[in-house]
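All remarks here apply to the structure that follows.
The values are calculated or read from the model by the stated rules, or taken from the named source; none is laboratory data. Owing to the predicted nature of the structure, the values given are computational and were not obtained by experimental measurement. Positions of Cβ are generated from backbone atoms using ideal geometry, with glycine treated the same way; all protein chains shown enter the neighbour counts. Each accessible area value is taken on the protein alone, full model and side chains, heavy atoms only, with ligands, DNA and RNA left out. Shrake-Rupley method; radii C 1.70, N 1.55, O 1.52, S 1.80 Å.
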Amino acid sequence: MKDTIIELLHSALDTLKTEGIVPGDVAPAIKVDATKDKAHGDYAANLALMLAKPAGKPPREIAARLIDALPKSDAVAKVEIAGPGFINFFASTAAAAEIITRVLNDGDAFGRNDHGQGEKVQVEFVSANPTGPLHVGHGRGAAVGDCISRLLEATGYNVTREFYYNDAGVQIANLALSVAARVKGLEPSDPAWPADGYKGDYIADVAQAYMHGETVTADDREVTASADPDDHDAIRDFAVAYLRREQDLDLKAFGVAFDVYFLESSLYTDGKVEATVKRLVEKGHTYESDGALWLKTTDFGDDKDRVMRKRDGHYTYFLPDVAYHFDKWQRGFTTVIDEQGADHHSTVTRVRAGLQALDAGIPQGWPDYVLHQMVTVMRGGEEVKLSKRAGSYVTLRDLIDEVGRDATRYFLAARRADSQLTFDIDLARSQSNDNPVYYIQYAHARVCSVLRKADSEDKAFDHALAQANLAKLSDEREKNLLNRLAAYPETVERAAKSREPQQVAQYLQDLAAEFHSYYNAVKVMVDDAEIRNPRLALGLAVRQVIRNGLDLLGVSAPEEM
RNA sequence: GCGCCCAUAGCUCAAUUGGAUAGAGCAACGGCCUUCUAAGCCGUAGGUUGCAGGUUCGAGUCCUGCUGGGCGUGCCA
């Protein structure tokens, strides 16, 4: 429908150019928007407003000329000039109802497109170090990163979900020390407890499993505990594998799966860190000072230069980060999205600077970043900072156990990443019946219920009869729903392009609201089959779109509630 | 001090990416179940979009400056 209007406007614009009313060299991007207010029709175009200046005429006059020049179309019932010069289009009922045919024909594919043309895209997210259970912040990253991946897949990209983790550095040494201390029966309150040790109860679980000689499988590794309390290497390897497995169980419970697990240690063993240093030195962007090796990141927009190799010969985290991203580039990902917590935002400039310093033809501003702000968890009107299991933070598992997978995903993904988020457990739980995610799912379940009723009363949906009578969907609420359904593909497109899954959530809430309103006002299961079947078709289309949209969010669409 | 993000109804958040009269849910109040699921609907009330300028036919959205909050500003990750 929208495309039809754009075509009509293009034709009208050409006519005006031919008549010399509009200069021939102007080429405005013709934009048609769905209206918010039904008094403004179904779709509105601002073309006349944009042409006013180049044409040197008042916008309303241009609008009138455009309307005169519009080719006739069965799709348009009425056209009006409104306000400062908007052209409002009223769709004919038959044209509006065509969306149902499209939704039902396309099914699960409705709203998907192939704009990405199979381009390889990598989304890196979560990337938690294996030193403990995933916390709420990781949960937000998991929800947002996975939804962005789903959106990109839905718009034709070939997406790789990647999880990067450090399995070697200082914090892993601390992890090993902590587990070793637990193995020896120490508790965090003991004076002999390691200074930077991890204090959560889960460390005791790891120690116990280690001493029982358990075998754990995580990523592509399988580790059997030696149960030797003095073998620090064995304890470390076991602890890393154990906690990676824990994190994977959390992610699995959350409905998130990764294609690639990338180990920081592999950058060293494969010589990629050394190669990166060598190349940076060769390209002339480094210097030595105070016994350390520095990269002149200030050449690329950083506010101060950064140390790559410390005085003690070890590399800072910054260097493997650059080596890792260079590796991504070499793997052929022209588009890479890093989803991280905003507390790591300072790495953005540095990584990009390091990549530019490599002089490898990597575009400036590569890779893309989506940074999510902090999550605070509230319970009983107070901020919750402690979890029994983790000790110092609220875990993702805590949330899934308390409020459920669907609600947790929805809460974490249905908000803009760049604003801080308050997760109120009381709200998500005690008022769970009024939870937006249930509101949407309920609309889906209601359609399913109507369809079950149709089957049981021997009034099963008749496709041909529905098709023949789609134009009978002329109720105001039915038109609202039809327009809303028609807006779904562009919502997906826009959400994918801007990496904003919350747009899908918002859309679904609007669609569910319109359906609930319709459901209460208009009975579907009427005796007249010529009325009942188009309404059933509308219900089927709504159900399909809710299902498709919830799938993009990784939320289930139950048939009964 | 400097950098990034944020500020919208009492609360949690939206706003078709610059469009017309800023919308939902929760909380409050009043209605609607003998009829397809009341986890719902209808209605009432709630706003100078933090403040002050600017750009534009048009600004919650873009620009500048303030105010307030968060994060960062390691030879930590």
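The residue that is nearest to RNA strand B (Cβ to nearest atom), among those in the range A:265-297 that are in a loop (DSSP other than H, G, I, E, B) and among the basic types (Lys, Arg), is A:Lys296. Are any of the residues in the range A:500-511 farther than 30 Å from A:His372 by Cα, at pLDDT below 95 and open to solvent by less than 10 Å² (accessible area, probe 1.4 Å)? Taking every residue of the range A:500-511 in turn, none turns out to be farther than 30 Å from A:His372 by Cα, at pLDDT below 95 and open to solvent by less than 10 Å² (accessible area, probe 1.4 Å).
Please work out which residue is nearest to A:Ala486 (Cα to Cα), limiting yourself to the range A:1-16 and to residues that are open to solvent by 60 Å² or more (accessible area, probe 1.4 Å) and at pLDDT 90 or above.
Initial filter on the range A:1-16 (open to solvent by 60 Å² or more (accessible area, probe 1.4 Å)): A:3, A:7, A:10, A:14.
Now narrow it down to the ones that are at pLDDT 90 or above: A:7, A:10, A:14.
Numbers: A:Glu7: 17, A:His10: 21, A:Asp14: 27 Å.
Here the answer is A:Glu7.
I need the full set of residues from the range A:408-429 which are part of a helix (DSSP H, G or I), closer than 29 Å to A:Arg494 by Cα and among the β-branched types (Val, Ile, Thr), in order please. Show your work before the answer.
If we filter the range A:408-429 for residues that are part of a helix (DSSP H, G or I), which is where we start, we get A:408-413, A:425-429.
After this cut, where a residue has to be closer than 29 Å to A:Arg494 by Cα as well, the list is A:408-413, A:428.
A:Thr408 - this is the single residue of the range A:408-429 that is part of a helix (DSSP H, G or I), closer than 29 Å to A:Arg494 by Cα and among the β-branched types (Val, Ile, Thr).
Could you please let me know if A:Leu9 is touching a residue at least 60 places away in the same chain (Cβ under 8 Å), more than 9 Å from RNA strand B (Cβ to nearest atom) and either farther than 22 Å from A:Pro489 by Cα or of a type in the set (A, V, I, L, M) (or both)? In short, yes. Say we look at the range A:450-508 and pick out the residues that are within 14 Å of RNA strand B (Cβ to nearest atom) and of a type in the set (S, T, N, Q); which of these is farthest from A:Ile337 (Cα to Cα)? Filtering the range A:450-508 for residues that are within 14 Å of RNA strand B (Cβ to nearest atom) and of a type in the set (S, T, N, Q), the one farthest from A:Ile337 (Cα to Cα) comes out as A:Ser456. For residues in the range A:298-318 being hydroxyl-bearing (Ser, Thr, Tyr) and within 8 Å of RNA strand B (Cβ to nearest atom), which is nearest to A:Gln364 (Cα to Cα)? Only one residue tops the list, namely A:Tyr317. Summed over the range A:538-548, the residues that are touching a Phe, Trp or Tyr at 6+ places or on another chain (Cβ under 7 Å) and open to solvent by less than 10 Å² (accessible area, probe 1.4 Å) give a count of 2.
Taking A:Lys328 as the residue in question, decide whether it is open to solvent by less than 40 Å² (accessible area, probe 1.4 Å), of a type in the set (Lys, Arg), at pLDDT 90 or above and at negative phi. For A:Lys328, the condition - open to solvent by less than 40 Å² (accessible area, probe 1.4 Å), of a type in the set (Lys, Arg), at pLDDT 90 or above and at negative phi - is met. At least 1 residues being under 30 Å from A:Arg150 (Cα atoms), at pLDDT 90 or above and open to solvent by less than 20 Å² (accessible area, probe 1.4 Å) is the threshold, and among the strands (runs of 3 or more DSSP E) wholly inside the range A:17-117 those reaching it are A:32-34, A:43-45. Checking each residue in the range A:512-526 for being within 7 Å of RNA strand B (Cβ to nearest atom) and either open to solvent by 20 Å² or more (accessible area, probe 1.4 Å) or in contact (Cβ under 8 Å) with a residue 60 or more places away in the chain (or both) picks out A:Ala513, A:His516, A:Ser517, A:Tyr519, A:Asn520, A:Ala521, A:Lys523, A:Val524, A:Met525. Taking the range A:319-407 and the strands (runs of 3 or more DSSP E) fully enclosed by it, the elements with 2 or more residues that are more than 10 Å from RNA strand B (Cβ to nearest atom) and under 24 Å from A:Val121 (Cα atoms) are at A:335-341, A:368-372. The C-beta contact set for the range A:317-344 (first residue in contact (Cβ under 8 Å) with a residue 60 or more places away in the chain, second residue near RNA strand B (Cβ under 8 Å from one of its atoms) and open to solvent by 40 Å² or more (accessible area, probe 1.4 Å), distance under 6 angstrom, 6+ apart or interchain) comprises A:Gln340/A:Leu371; A:Ala342/A:Leu371; A:Ala342/A:Gln373. Note on the range A:219-239: residues that are within 37 Å of the chain's Cα centre (by Cα), touching a residue at least 40 places away in the same chain (Cβ under 8 Å) and open to solvent by 30 Å² or more (accessible area, probe 1.4 Å) amount to 3. Taking (1) closer than 14 Å to A:Leu553 by Cβ; (2) within 12 Å of RNA strand B (Cβ to nearest atom); (3) part of a helix (DSSP H, G or I) in turn, A:Ala445 satisfies each apart from (1).
Take the residues in the range A:467-486 that are of a type in the set (Gly, Ala, Ser) and surrounded by fewer than 21 Cβ atoms within 10 Å (Cβ to Cβ); name whichever of them is farthest from A:Ile148 (Cα to Cα). Talk me through it step by step, then tell me what you get.
Narrowing the range A:467-486 to residues of a type in the set (Gly, Ala, Ser): A:468, A:471, A:474, A:486.
Still in the list and also surrounded by fewer than 21 Cβ atoms within 10 Å (Cβ to Cβ): A:468, A:471, A:474.
Details: A:Ala468: 39, A:Ala471: 37, A:Ser474: 36 Å.
Here the answer is A:Ala468.
Per the conditions (1) more than 23 Å from A:Val394 (Cα to Cα); (2) of a type outside the set (Asp, Glu); (3) buried (at least 19 other Cβ atoms within 10 Å of the Cβ), the sole criterion not satisfied by A:Leu186 is (3).
When the residues of the range A:194-218 are filtered to those that are over 30 Å from A:Lys385 (Cβ atoms) and part of a loop (DSSP other than H, G, I, E, B), the one that is least open to solvent (accessible area, probe 1.4 Å) is A:Gly213.
Identify, from the list A:Val144, A:Val136, A:Val123, the residue that is in contact (Cβ under 8 Å) with a residue 24 or more places away in the chain and touching a Gly at 6+ places or on another chain (Cβ under 8 Å). A:Val123 is the lone residue from the list that is in contact (Cβ under 8 Å) with a residue 24 or more places away in the chain and touching a Gly at 6+ places or on another chain (Cβ under 8 Å). Among the residues of the range A:353-386, the ones that are crowded, with 21+ Cβ neighbours inside 10 Å and among the small types (Gly, Ala, Ser) come to 3 in all. A:Arg140 falls short on exactly one of the conditions (1) within 29 Å of A:Thr335 (Cα to Cα); (2) outside any loop (DSSP other than H, G, I, E, B); (3) open to solvent by 10 Å² or more (accessible area, probe 1.4 Å); (4) within 14 Å of RNA strand B (Cβ to nearest atom), and that condition is (3).
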